[in-house]
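Student: Encoded as structure tokens, here's the structure I'll be asking about.
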Amino acid sequence: MNKILMALYGVSVILTFAVFYWMNYLTAPVLNNDYRGGNGNPALFFPVVLMPFLFYFLYGTVELSMRLAERWLSRKKIIIMISLSLIYVIVVTLRTIHAADRFRTYIVETKDAYSDPTEFALLNVFSNHLFFNPLTFFGVVGICFIAGAGWSLKKRARL
């Protein structure tokens with residue numbers, strides 16, 4: 001990548017990390033005396049506004065991992081790294097979904113306004129901290145690495 005694209009990628013990394021931090025920070029507390037949860041998730045404003053930077057972060061991470069794998073890793077190491085990344089991504093995904101499902105049940109038990117966990121989505125104003133944290137950030141990076149390393153393997157097979 002040339003210097004301008006690399007600088008833009010650096011800005012995108014910082015903004016993506018900031019989006020994950022702010023989404024985590026803006027998680028609403030689960031209290032029975034408030035009536036939150038009916039008007040959507042206002043914290044989603046940040047990822048929507050910064051979507052071009054998030055997409056560039058995803059693309060840049062895929063391309064950077066492709067170039068790094070192409071340059072420094074052998075085919076066997078790439079396959080091992082893809083396998084480890086895939087295991088990490090699957091574990092983080094299952095852990096996050098399970099924790100969100102348990103947390104949704106906790107919300108129903110705590111707030112009188114809800115009677116059934118299926119009344120609202122897993123990602124809501126109370127569960128931002130489960131979906132936007134360092135584990136899920138590195139899960140996104142892992143998905144990008146899998147795509148980039150797979151792209152590297154495909155390019156090697158063509159040559």
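Values quoted throughout were computed directly from the atomic coordinates according to the rules given, and no laboratory measurement underlies them. Because the structure is predicted, anything quoted here is derived from the model rather than measured. Ideal geometry is used to build each Cβ from the backbone, glycine not excepted, and the neighbour counts take in all protein chains shown.
Student: What is the magnitude of the charge dipole of the chain about its Cα centre, with +1 placed on the Cβ of each Lys and Arg, -1 on the Cβ of each Asp and Glu, and no other charges, expressed in debye to the nearest 20?
Tutor: Charge dipole of the chain: 1240 debye, to the nearest 20.
Student: So how do Glu63, Glu119 line up by other beta-carbon neighbours within 10 Å, fewest first?
Tutor: If I rank by nearby Cβ atoms, fewest first, I get Glu119, Glu63.
Student: How much mean residue ellipticity at 222 nm does the chain get from its helices, if each DSSP H run of length 4 or more adds -39500 (n - 2.57) and you divide by all residues, to the nearest 500 deg cm²/dmol?
Tutor: My calculation for the chain gives -24500 deg cm²/dmol from helical runs alone.
Student: Let me ask something else about it. If each residue's Cβ is checked for other Cβ atoms within 10 Å, how do Tyr9, Tyr106 rank with the fewest at the top?
Tutor: Listing Tyr9, Tyr106 from fewest to most nearby Cβ atoms yields Tyr106, Tyr9.
Student: For the chain, build the charge dipole from Cβ charges (+1 Lys, Arg; -1 Asp, Glu) around the Cα centre, then report which of Phe137, Ile80, Ala43 sits farthest towards its positive end.
Tutor: The Cα lying farthest towards the positive end belongs to Ile80.
Student: Rounded if a/c is under 1.5, else prolate if a/b beats b/c, else oblate: with a ≥ b ≥ c from the C-alpha gyration tensor eigenvalues square-rooted, which is the range 51-159?
Tutor: Prolate, because a/c is 1.5 or more and a/b exceeds b/c.
Student: Shape call for the range 1-95 from the C-alpha gyration tensor, a ≥ b ≥ c root eigenvalues: rounded (a/c under 1.5), prolate (a/b greater than b/c) or oblate?
Tutor: oblate
Student: Which of the residue pairs Lys76/Lys155; Lys3/Lys76; Lys76/Lys154 have a Cα-Cα distance greater than 23 Å in the structure shown?
Tutor: From Lys76/Lys155; Lys3/Lys76; Lys76/Lys154, over 23 Å: Lys3/Lys76.
Student: So, in Å, what gap is there between the alpha-carbon centers of the range 66-82 and the range 85-146?
Tutor: 30
Student: Same structure, new question: Arrange the following residues from fewest to most other Cβ atoms within 10 Å of their Cβ: Ile78, Ile14.
Tutor: The most exposed by this proxy come first: Ile14, Ile78.
Student: Considering only Asn24, Ser115, Gly10, whose Cα is most displaced toward the positive end of the charge dipole of the range 1-149, charges sitting on Cβ of Lys, Arg (+1) and Asp, Glu (-1)?
Tutor: Checked the options; the winner is Gly10.
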